[in-house]
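Here the structure comes first, spelled out in structure tokens, and everything after it is commentary.
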Protein chains: 2
Amino acid sequence: MFVENEKHITIQALHRMPYYLQKLRELKNEGVEVISAPKIAQMLNLNEVQVRKDFAAVSDSKGKPKAGFSVLELISQMEELLGFNNTDDAVLVGVGSLGHAFLAYKGFEEYGLNIVAAFDLNPEFIGREISGKIILPADKISEMCFRMGIHIGIITVPEEQAQKVCDQLVAGGVLAIWNFAPVHLSVPENVLVKNENLAASLAVLSKHLKEKMKNL
Amino acid sequence: MFVENEKHITIQALHRMPYYLQKLRELKNEGVEVISAPKIAQMLNLNEVQVRKDFAAVSDSKGKPKAGFSVLELISQMEELLGFNNTDDAVLVGVGSLGHAFLAYKGFEEYGLNIVAAFDLNPEFIGREISGKIILPADKISEMCFRMGIHIGIITVPEEQAQKVCDQLVAGGVLAIWNFAPVHLSVPENVLVKNENLAASLAVLSKHLKEKMKNL
DNA sequence: TGTATATCGGTATTATAATATCGATAACGG
DNA sequence: CCGTTATCGATATTATAATACCGATATACA
């Protein structure tokens, strides 16, 4: 007879949350205090029932008929859920062009991610400073993650090196991996890999384009 | 009584394709000529039926019982489908840290994407050369896209500017938009927006981590 | 103050994708 | 050369997510 305190949130709903959050913050800045699901749905091109369900999944506060939901309450509950108000430390491996950009990118902090160390396999980079971080040799990954209690790893190395780097992160106690290499990574089942496969996205774009062009 | 020549491929299947392709190329390099669905499934941590169905969706060549599928045929048919063997021209808008990295990134060409022009709103950047491309003023977007017959636009500007840039791309005849700004973009229905929302990915990671840490 | 209505929450239905099942068949070993 | 078996394709089932529907209710306005 335990109370189910964990709301079930689908992965798709989770992906929609940042869009809600962005729009809600916009509305807040315009002075809007209450917003209805159909209005949000229209703005984001979603189904109104889906919006209402998504809101119900994050929020325990109820919406009022004819009016809607409290913008401020939704914002704070979403930030809570998404972890954007408590910062996680992360390490980054691979300071090629993409890794370089991430080290320079200020936006991550806004989402609660703080890159505390960067590694590379290339001796040429090691010891150099990029955006205020000293680049460390890749063979120190496990040790450093363990010592600093890091649980998030970002992989921006070429595909050939990705699995090896991944193994080192896991050995260092990392539980969540953000993988930008276009390869499948094998990990123990308690570790989550979130793939950011640019090739996959391009495939979608390219397919769509091919179909559009055919009809011209 | 027309023959259905367009195979139906789900969006999820399309996302899996680059992983298959990567693995198949690896196998090809090892000299493997025929591979079975269960083996691929095991390597990529997928269901064997799913793999077989995905293969059937791209390929008209049949697999052989007890043996499997021709690695070479699968590779060429996937490349064909994904459009990795015919290059599309694209423009990029926003040369902040991420845009900068994309201009420097060589990998896109491998996937059939060629960035032919880059734009920015910031007068400070205009006229400067980054990775061999001259940065043009954003108000030239529509004109240039139209003149050069560009159909793909990459948006790497901050969220406040994204919708405006998007409208200009659409006005210039762009049909597919790769959006890295964490906002929903409104477009006509014949235009595809592929969102690459880093915040959304981080949300997934953060949620997973929060649950893991709770159990410690 | 009463009536119309936009929106709510909950439930039912439909759509989509993943997985399980099974008879058929080509390769392999004895 | 014949049984054994891994894998196939096709079909059935289950899981998951999206959408439609409906009675209840708070607000707005006559």
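The values are calculated or read from the model by the stated rules, or taken from the named source; none is laboratory data. This structure is a prediction, so every number in the text was calculated from the model and none was measured. When we count neighbours, we look across all protein chains shown, and the Cβ atoms used for this are built from the backbone with ideal geometry, even at glycine. We work out accessible area using only protein heavy atoms, side chains counted, and drop any ligands, DNA or RNA first. Shrake-Rupley method; radii C 1.70, N 1.55, O 1.52, S 1.80 Å.
Below, the figures for the structure above:
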item: Hz values of 3J(HN,Hα) by residue in the stretch A:94-102 - Karplus curve (6.51, -1.76, 1.60), Gly and Pro given as x; result: x, 9, x, 5, 5, x, 4, 4, 5
item: Long-range amide H partners of A:Ile130 with built H, under 5 Å; result: A:Ile135
item: Selection from A:Ser70, A:Val191, A:Leu113 lying farthest towards where the dipole of the protein assembly as shown points positive, charges on Cβ; result: A:Ser70
item: Axis-nearest residue of A (beta carbon) for the A-onto-B rotation, whole Å; result: A:Ala101, 2
item: Heavy-atom accessible area per residue - the stretch B:88-200, 1.4 Å, Å²; result: 40
item: Residue of A:Lys66, A:Lys28, A:Lys140 that the Gaussian network model of chain A assigns the largest fluctuation, springs spanning Cα pairs under 10 Å; result: A:Lys66
item: Gaussian network model of chain B, Cα within-10 Å springs - most flexible of B:Gly99, B:Gly31, B:Gly63; result: B:Gly31
item: Solvent exposure, largest accessible area first (probe 1.4 Å, DNA, RNA and ligands not counted), of A:His100, A:His15, B:His8; result: B:His8, A:His100, A:His15
item: Alpha-carbon centroids, the stretch B:124-176 and the stretch A:137-216: separation in whole Å; result: 29
item: Bridge type composition, the protein assembly as shown - antiparallel percent by DSSP, nearest 5; result: 20
item: Separation between Cα centres of the stretch B:39-103 and the stretch A:100-119, rounded to whole Å; result: 30
item: Percent accessible area from carbon and sulfur atoms, the stretch B:11-82, protein chains only, probe 1.4 Å; result: 51
item: Shape category assigned to the stretch A:11-82 from the gyration tensor of Cα positions, a/c cut at 1.5; result: rounded
item: Solvent-accessible area per residue for the stretch A:11-82 (1.4 angstrom probe, square angstrom); result: 55
item: Copies compared at A:Ala56 - label distances in nm, ascending, label defined 7 Å from Cα in the Cβ direction; result: 3.7
item: Whole-number percent relative contact order across the stretch A:1-109, with pairs defined as alpha carbons under 8 Å at least 6 apart; result: 26
item: FRET efficiency for A:Asn29 and B:Asn215, using Cβ-Cβ distance with R0 set to 51 Å, rounded to 0.05; result: 0.85
item: For A:Ala67, inter-copy label distances in nm, listed shortest first [label point 7 Å out on the Cα-Cβ vector]; result: 7.1
item: Chains B and A, summed buried accessible surface - 1.4 Å probe, Å², nearest 100; result: 5700
item: Considering only the stretch B:104-200, percent of DSSP beta bridges that pair antiparallel, nearest 5; result: 15
item: The stretch B:65-155: relative contact order as a whole-number percent, Cα under 8 Å and 6+ apart; result: 31
item: Relative contact order (percent, whole number), chain A, Cα cutoff 8 Å, 6+ residue spacing; result: 13
item: Inter-copy spacing of A:Lys39 label points, which lie 7 Å from Cα along Cα→Cβ, given in nm from shortest upward; result: 6.0
